[in-house]
Amino acid sequence: MHTLIEHYRCRLIGLDLAHVWRGYGSAIFLEFGELRERTHRNGEPRSPGGEFGVMIQWSWRIERDNSILCGSSNDDSLWEPIFFGLKNAKAIELQLFGQLAEIAIGLSNGHRIVSFMTADGDPQWTLFDRSSKPDRWLCVRDGKVLEERST
């Protein structure tokens, strides 16, 4: 697993956070690097995707120094100003931590985005490497970190 996470760390570190968007419920998406336009299967536009993406479905927080700025349990009206403050910061760290792997992403502006699942099942995060073909992603299934690839 060490080599696998190193691949994703090397792809992410140094990229600018270009776009932050909200998915369904409290899911957040972080898009790093050059953005590409994307469409749904029906042709409708969707949020652009970066060279590298992060999805945290729920149970996440954004930290700065010694405080939590906001998290998935906060009223979502607090999220947009915090998301805006993240844009254009560079990714400087990617860590996996805990018995069941959670992620922490450090940014050049001192912020950290951290996952921390609080419900049964697996941690609900995915790292997307779209910088080469086929696209590949890292996630947790049945308590194990694994990589999948598009076909």
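The values are calculated or read from the model by the stated rules, or taken from the named source; none is laboratory data. Keep in mind that this is a model prediction, so the values were computed, not measured. Note that each Cβ is placed from the backbone with ideal geometry, even for glycine, and that neighbours are counted across all protein chains shown.
What tally of residues in the stretch 22-55 results from selecting those that are in a strand (DSSP E or B) and surrounded by 14 or more Cβ atoms within 10 Å (Cβ to Cβ)? Break it down into steps so the answer makes sense when it comes.
Our first condition is that a residue be in a strand (DSSP E or B); within the stretch 22-55, this holds for 22, 28-32, 36-39, 45-49, 52-55.
Narrowing the set further to residues that are surrounded by 14 or more Cβ atoms within 10 Å (Cβ to Cβ) leaves 22, 28-32, 47-49, 52-55.
Residues that pass the stated criteria total 13.
So, in the stretch 1-24, how many residues would count as being of a type in the set (Gly, Ala, Ser) and under 25 Å from residue 144 (Cβ atoms)? Total meeting the criteria: 1.
Say we look at the stretch 31-68 and pick out the residues that are hydrophobic (A, V, I, L, M, F, W, C) and within 20 Å of residue 18 (Cα to Cα); which of these is nearest to the chain's Cα centre (by Cα)? So that I can check it myself, show each step before the final result.
Pass one, the stretch 31-68, residues hydrophobic (A, V, I, L, M, F, W, C): 32, 35, 52, 54-56, 58, 60, 62, 68.
From what is left, the residues that are within 20 Å of residue 18 (Cα to Cα) are 32, 35, 52, 54-56, 60, 62.
Numbers: 32: 9, 35: 15, 52: 9, 54: 2, 55: 4, 56: 6, 60: 10, 62: 12 Å.
The residue in question is 54.
If you scan the stretch 51-63, which residues turn out to be at pLDDT below 95 and of a type outside the set (Gly, Ala, Ser)? Write out each step before concluding.
Taking the stretch 51-63 as the starting set, the residues that turn out to be at pLDDT below 95 are 57-59.
Result: 57, 58.
Out of the residues in the stretch 115-129 that are in a loop (DSSP other than H, G, I, E, B) and in contact with a strand residue (DSSP E or B) (Cβ under 6 Å, 6 or more places away or on another chain), which is farthest from residue 26 (Cα to Cα)? Looking at residues that are in a loop (DSSP other than H, G, I, E, B) and in contact with a strand residue (DSSP E or B) (Cβ under 6 Å, 6 or more places away or on another chain), I get 122. Among the residues making up the stretch 128-143, those that are more than 18 Å from the chain's Cα centre (by Cα) and either surrounded by 11 or more Cβ atoms within 10 Å (Cβ to Cβ) or more than 16 Å from residue 11 (Cα to Cα) (or both) are 142, 143.
Is the stretch 86-108 home to any residue that is assigned to a helix (DSSP H, G or I) and touching a residue at least 12 places away in the same chain (Cβ under 8 Å)? Checking the stretch 86-108: at least one residue is assigned to a helix (DSSP H, G or I) and touching a residue at least 12 places away in the same chain (Cβ under 8 Å).
Any residue that is free of Cβ contacts under 8 Å to residues at least 24 places away in the same chain and among the basic types (Lys, Arg) - is there at least one of those in the stretch 46-69? Explain how you work it out, then say what you get.
Of all residues in the stretch 46-69, those free of Cβ contacts under 8 Å to residues at least 24 places away in the same chain come to 46, 66-68.
Then keep just the ones that are among the basic types (Lys, Arg); that gives 46.
There is at least one residue in the stretch 46-69 that is free of Cβ contacts under 8 Å to residues at least 24 places away in the same chain and among the basic types (Lys, Arg).
When residue 112 is tested against (1) of a type in the set (Lys, Arg); (2) part of a strand (DSSP E or B); (3) more than 21 Å from residue 12 (Cα to Cα), only condition (3) is not met. Evaluated against (1) in contact with an Asp or Glu (Cβ under 7 Å, 6 or more places away or on another chain); (2) of a type in the set (Gly, Ala, Ser); (3) on the phi < 0 side of the Ramachandran plot; (4) surrounded by fewer than 19 Cβ atoms within 10 Å (Cβ to Cβ), residue 110 falls short on exactly one condition, (3).
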